[in-house]
């Protein structure tokens, strides 16, 4: 059995597939909150596989990780399955996309995987929005050339910067889940709605500007843990794929 893992700053997404049948056998599983406790998170994977009766030996583990220290992850894989994991990384070219960075490996592997998957799905110019701990935007033209991107604070980070940087602004968590890109009529609403409004406006403008620059239609994709908060206000512009990065990691690994 092969495991493919997308390890973010706090969440782990994963799929399993029978190495004997390969393509088409991938099974997506429920994301796991890890908070850097990889032993507990990976034991959850082990328990889920056993509960589902999928007790075949794990032979291959492929990982895309944004965490800087991979030592603990590798150690846990060795402890539980006696497998040394393989890590995908950003390269100069992959999945039809050409990296724009002078040092390709410096581009976050999550962004690289998302771009590759989006481009392969669309087979055309794409704009990719990932709303996780950070809010990233990347553009790829119809020839697969990565035009560059933006990295901004994620929704929660933006919210924390307002509440943490001021002494009089107090915001409750509940209203954040109900925020809309409209005028706020309380401090709660003004902060939370402003964050949503900023994200929605950035998405709208990025798509519009890329279409003008390329003089052609652009397929837009949105993913990430906070994408659901934004999707109702941009769903006519974007294609939502919760597992875009995970699928991209698998695609990168398959192309190696």
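The values are calculated or read from the model by the stated rules, or taken from the named source; none is laboratory data. Model, not experiment: these values are computed from the prediction. Cβ placement follows ideal geometry from the backbone for every residue including glycine, while neighbour counts extend to all protein chains displayed.
Details
- Just one of the listed residues (65, 158) is farther than 30 Å from residue 18 by Cβ and touching a helix residue (DSSP H, G or I) at 6+ places or on another chain (Cβ under 7 Å), and it is 158.
- Any chance residue 91 is in contact with a helix residue (DSSP H, G or I) (Cβ under 6 Å, 6 or more places away or on another chain), over 16 Å from residue 244 (Cβ atoms) and free of Cβ contacts under 8 Å to residues at least 24 places away in the same chain: yes
- Number of residues in the stretch 226-245 that are over 14 Å from the mean Cα position of the chain (by Cα) and part of a helix (DSSP H, G or I): the value is 6.
- Verdict on residue 244 being within 22 Å of residue 117 (Cβ to Cβ) and in contact with a helix residue (DSSP H, G or I) (Cβ under 6 Å, 6 or more places away or on another chain): yes
- The one condition in (1) part of a loop (DSSP other than H, G, I, E, B); (2) crowded, with 20+ Cβ neighbours inside 10 Å that residue 248 fails to fulfil: (1)
- Whether a residue is out of contact with any strand residue (DSSP E or B) (no Cβ under 9 Å at 6 or more places or on another chain) and either modelled with pLDDT of 95 or more or part of a loop (DSSP other than H, G, I, E, B) (or both) was assessed, and residue 136 does not pass this test.
- Residues in the stretch 55-76 that are over 22 Å from residue 113 (Cα atoms) and in contact with a strand residue (DSSP E or B) (Cβ under 7 Å, 6 or more places away or on another chain): 58, 59.
- The set of residues from the stretch 199-225 being outside any helix (DSSP H, G or I), under 18 Å from the mean Cα position of the chain (by Cα) and surrounded by fewer than 22 Cβ atoms within 10 Å (Cβ to Cβ) comprises 219, 225.
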